[in-house]
Each structure stands twice: as C-alpha cells, then as structure tokens.
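Here's the structure, in structure tokens; my notes come after.
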Amino acid sequence: MSKQIYERPIINRINAGVPDKFGMRSRIKTMNNIDGVAINTITEEFGSPVFVVSERTIRDRYHEAYRAFSTRYPSVKFAWSYKTNYLDAVCRVYHSEGSWAEVVSGFEYEKALQNGVEGKNILFNGPDKQPHEIKRAIENGSYLHIDHFDELYLVIETARNLNKKALVAIRVNMDTGIYPMWDRFGFNYENGEAWSAICRIMLQENLEFVGLHTHIGTYIMSPGAYGVAAQKLAALAIKTKQKYNHSIKYIDMGGGFASKNTLKGAYLSGADTCPTFDQYAEAITSALITSDLDPANLPTLILETGRALIDDAGYLIGRVKANKRLSDGRKAIVVDFGINNLFTSFWYNHNVLPVQVHTQTTEATTIYGPLCMNIDIIRDVVQFPPLETDDLVVVERVGAYNMTQWLQFITYRPNIVMIDSEGHTHLIRKRETIETFNAQEVVPEKYK
C-alpha cells in the first residue's frame, strides 16, 4: 500500500449557495484532454510548457460570429486581426473560411502576402506605415486606412509619383460613451476633423475614398457603444453622398469584442457577463439599416474582431515545479511557465485547471511562474487542490495576444501545437533553442 499524501489542516470560509444532492461540497473541475487528445500525450511528445490551439474551436467561433452578422445584414466580411495571433497556421484557418487580413505593420503585411492573401483583400491599419510600405500597398491594390493628416499627405504624394489611384479609408475616433475614449488613433468625429479629412481626400484625383473605419476600444462590454459608432459612421457616409454624390464601399467597425476571460477586479466571471455575438450584431446592424443609407446600395460591413474569435481556442499546459508556504502561511505553487509566456495574466484572472487531483480539498493558493522577478504571478489567489511536483495544469482561453506579445526572457519560448478538426496534432511553431539566438547575434572580432 502506497503512502497517503499528507493534507495540512485548513479552515476555509463557507460561501453558501444552492446545494446539490451531495450537499454543499464543491467538486474540482479538471481537464485531462483537449478535443479528445490526452494532455499527457501532448506533453510527452512536445514537452512542457506547451501552447495548444484548437482548429475546431476556431472554426466554431468563426461560424457563430459570421452567422450572427450575416443573418442581420446583407453584405458582411470578416478580416482576421493579425496582431491578435499571427501564427501562419492560425491565419490560414481563418483565410480558408473566407476571412480577409487586417494588418497594422509592414511585417504583418508581408505575413499576409506569404499566407496567400491577395493585396486586394488586405486592410492596412496603423499609424506608422513606412513610405515603401505605402507604395507597396498602393501597387497591390490594398486598402489603406489613413490614421492622421501627415500620413494622408504622404499617401497623396506617393500615389501621384506612382501615377496610380490609392484605395483609402479613414479611421475615425469618437465619443461612444466608453471611458477612456480612444482618441489616439484616427480623426475625431466630434470636432470635425474626420469630415475635413474626407473633404481633402475627395479633392484628390489619385485617391479613391472607399470606406470608413473605427475601433472604439478593447474588451468592450457594451454592445450599445458599437451602435453609437455605427450611427456616426453612417452619418459621415450619408454626408459624403449628399455633397459629392459618392458612395463608400464599406463600413469597418473594427474589433474590441470581449472574450469570456474574466478581467481582474471583476465581480462576476467573463463567461457569465460577456455579450454574445448576436448582441454585438444586433446593435451594429440595427444602427446601419435604420439610418438614411440607401437600402439598395448598403456598404459592406467589415468586422476585425480577434480576441473574441481566438481566445477560447488557445490553451497553455505546464507542470508544477514546487509547493511553498509564504511567510504568512499562505499556500503557493510554482509552475514552469511565467508572464513571459502568459502576458495576459496581467489583466485576466485566467482559469487554471489541474489535469488530475489527489483530493477534493482546496485552499486559497497563489500560482507563480519560474522567472526571477517578483511580478511573475499567474494567479494572485485561486481555490486550488494540493498538487505534487510534475503534476500538470492547464490554462484556458489564452489564444489572443499571448503568442504575439510573449517575451523571450530568461527562458526559451515553447512549442506551439495545433489540434486539427480530425483530432491530429501538428507542431506549428518550434521551441526556441540557443541556435535561434546565435543565428541573429553578431559578435565583433574585437570581442571574440
């Protein structure tokens, strides 16, 4: 008979709720597989820590979002937000569903082209487009979303030099009732700056004004704010039609839809409070179809949502490396992934689940990463069961931003695996090695 695990006596506050047939006892949720693939099998082949992306979930969320908008509006197009997750395998899944590419840098523009996206299906956002990048976008027939007047003048000059017509839209910032208002990017609606930009564009022979774009913020929990934004963009489109007899091709509502992750400080979980795609779609499409836009010539509605589409599809698997007691007696564990891998742990209370449990007893626990810095905290406090060294844990909903904002700091960045729709695993990004860095570093002869 094996030796039983010692459980330290603890006292937990009882939070009353609705009892089940077992009384008030809480049962610990575990996760031992992703899309039917055993987590133990994944770590045996690809090591720990390891990111896992579910193709099935990507497609399911995309279909859910597309259905919500396309059943409410006659012409809808999604453009995948490369900054949210620009792994080629991930991007190509979205493109296979018909999604365009939305990029915010020359780097992302190059990735989109290499992923087989035609220039005419790329939306080029961002405030720092270089002259050669603008030139390339004009030559490829991509849509340039102009962010400020200095960029507008550069586009005018470039288009004249090329003797080509640039396809341009403007980004508009506005008051939608969301605080703080995102006015760093684009032309302001309320002070007339956006209308001034449109008028300047309409006077240029080498510019074709094709669309209006906004991105009101991030993790927006109020669908009504999108309705306000859609009304204001529709008003600009109507005013352009009245003055210049010119109809724009699209209205781009950007992204910012919330995912089901829980923000730090939130009283209720994100899974309970996050608006649905139907709620976002209802607010946006109602504003457009009830406006004075010509119903026989409605502009295409473009969505650039990233977080809400990909977050649920990402997982991070790791191992427990140590159990500790802090100076005040609190329980803590150390895992083999840190904030360098899980950047979003700065603003989310991520759901961390054990793969298996040895007991149903839980205790308030702080989960630390392995980095030599005090801020390397995965969860400040969570009710967690006692685990042994090398036991596996899984973090849910990590698909957005973690694989683009992660840092090479102290440790190598890990393998990333995709589970396809048939349940097969594929390595889509290799773990870094010392050779990864030797290939980029140069040591002058003086220091050899």
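The values are calculated or read from the model by the stated rules, or taken from the named source; none is laboratory data. If you're wondering where the values come from, they're calculated on a predicted model, not measured in any experiment. For neighbour counting, all protein chains shown are included, and Cβ atoms are generated from backbone atoms with ideal geometry for every residue, glycine included.
Below is a table of values for the structure above.
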| item | result |
| --- | --- |
| Qualifying residue in the stretch 233-243 (condition: outside the structural domain of W347 (by TED's automatic domain parsing) and within 27 Å of the chain's Cα centre (by Cα)) | yes |
| Per-region count, the stretch 140-152, residues of a type outside the set (A, V, I, L, M, F, W, C), part of a helix (DSSP H, G or I) and in contact with a helix residue (DSSP H, G or I) (Cβ under 9 Å, 6 or more places away or on another chain) | 2 |
| Test result for G338, surrounded by 21 or more Cβ atoms within 10 Å (Cβ to Cβ) and outside the structural domain of I201 (by TED's automatic domain parsing) | yes |
| In the stretch 154-177, the residues that are part of a helix (DSSP H, G or I) and not polar (S, T, N, Q) | L154, V155, I156, E157, A159, R160, L162 |
| Which numbered condition R59 fails, given (1) touching a Leu at 6+ places or on another chain (Cβ under 6 Å); (2) within 25 Å of L113 (Cβ to Cβ) | (1) |
| Failed condition for D183, given (1) closer than 24 Å to S196 by Cα; (2) touching a residue at least 40 places away in the same chain (Cβ under 8 Å); (3) of a type outside the set (F, W, Y) | (2) |
| Among (1) surrounded by 20 or more Cβ atoms within 10 Å (Cβ to Cβ); (2) more than 14 Å from E396 (Cβ to Cβ); (3) of a type in the set (A, V, I, L, M) - the single one I378 does not satisfy | (2) |
| Of the criteria (1) of a type outside the set (F, W, Y); (2) within 24 Å of M181 (Cβ to Cβ); (3) in contact (Cβ under 8 Å) with a residue 60 or more places away in the chain; (4) crowded, with 21+ Cβ neighbours inside 10 Å, which one G254 fails | (3) |
| Subset tally (residues that are without any contact (Cβ under 8 Å) to a residue 12 or more places away in the chain and either hydrophobic (A, V, I, L, M, F, W, C) or on the phi > 0 side of the Ramachandran plot (or both)) for the stretch 398-436 | 1 |
| Only listed residue being not aromatic (F, W, Y) and not assigned by TED's automatic domain parsing to the domain that holds F187, chosen from L154, L162, L113 | L113 |
| Pairs where the first residue, in the stretch 378-397, is on the phi > 0 side of the Ramachandran plot and the second is basic (K, R), C-beta under 9 Å, 6+ apart | D390/R319; D390/K321; R397/K260 |
| Among (1) under 17 Å from V352 (Cβ atoms); (2) surrounded by fewer than 21 Cβ atoms within 10 Å (Cβ to Cβ); (3) not β-branched (V, I, T), the one test that E441 misses | (1) |
| Residue satisfying condition, being in the same structural domain as E45 (by TED's automatic domain parsing) and in contact with a helix residue (DSSP H, G or I) (Cβ under 8 Å, 6 or more places away or on another chain), within set R319, R325 | R319 |
| Per-region count, the stretch 274-306, residues among the charged types (D, E, K, R) and without any contact (Cβ under 8 Å) to a residue 40 or more places away in the chain | 0 |
| Residue count, the stretch 186-224 (criterion: touching a residue at least 12 places away in the same chain (Cβ under 8 Å) and within 31 Å of the chain's Cα centre (by Cα)) | 26 |
| Residue match in the stretch 148-162 (condition: surrounded by fewer than 23 Cβ atoms within 10 Å (Cβ to Cβ) and at positive phi) | no |
| Test: residue in the stretch 51-68 that is over 24 Å from the mean Cα position of the chain (by Cα) and among the charged types (D, E, K, R) | no |
| Matching residues, the stretch 101-132, being of a type in the set (D, E) and either in contact with a Ser or Thr (Cβ under 8 Å, 6 or more places away or on another chain) or closer than 17 Å to H213 by Cα (or both) | E102, D128 |
| Some residue of the stretch 291-312 being of a type in the set (A, V, I, L, M, F, W, C), buried (at least 17 other Cβ atoms within 10 Å of the Cβ), touching a Lys or Arg at 6+ places or on another chain (Cβ under 7 Å) and closer than 30 Å to R171 by Cβ | yes |
| Selected residue (only one of F409, F337 is of a type in the set (F, W, Y), outside any strand (DSSP E or B) and modelled with pLDDT of 95 or more) | F337 |
| Matching residues in the stretch 178-200 - criterion: being in a loop (DSSP other than H, G, I, E, B) and either at pLDDT below 95 or under 19 Å from K129 (Cβ atoms) (or both) | I178, Y179, P180, M181, W182, D183, R184, F185, G186 |
| Test: residue in the stretch 395-409 that is under 28 Å from D328 (Cα atoms), crowded, with 18+ Cβ neighbours inside 10 Å and not assigned by TED's automatic domain parsing to the domain that holds K264 | yes |
| Members of the stretch 412-430 found to be of a type outside the set (S, T, Y), assigned to a loop (DSSP other than H, G, I, E, B) and within 22 Å of the chain's Cα centre (by Cα), listed by number | R413, P414, D420, K430 |
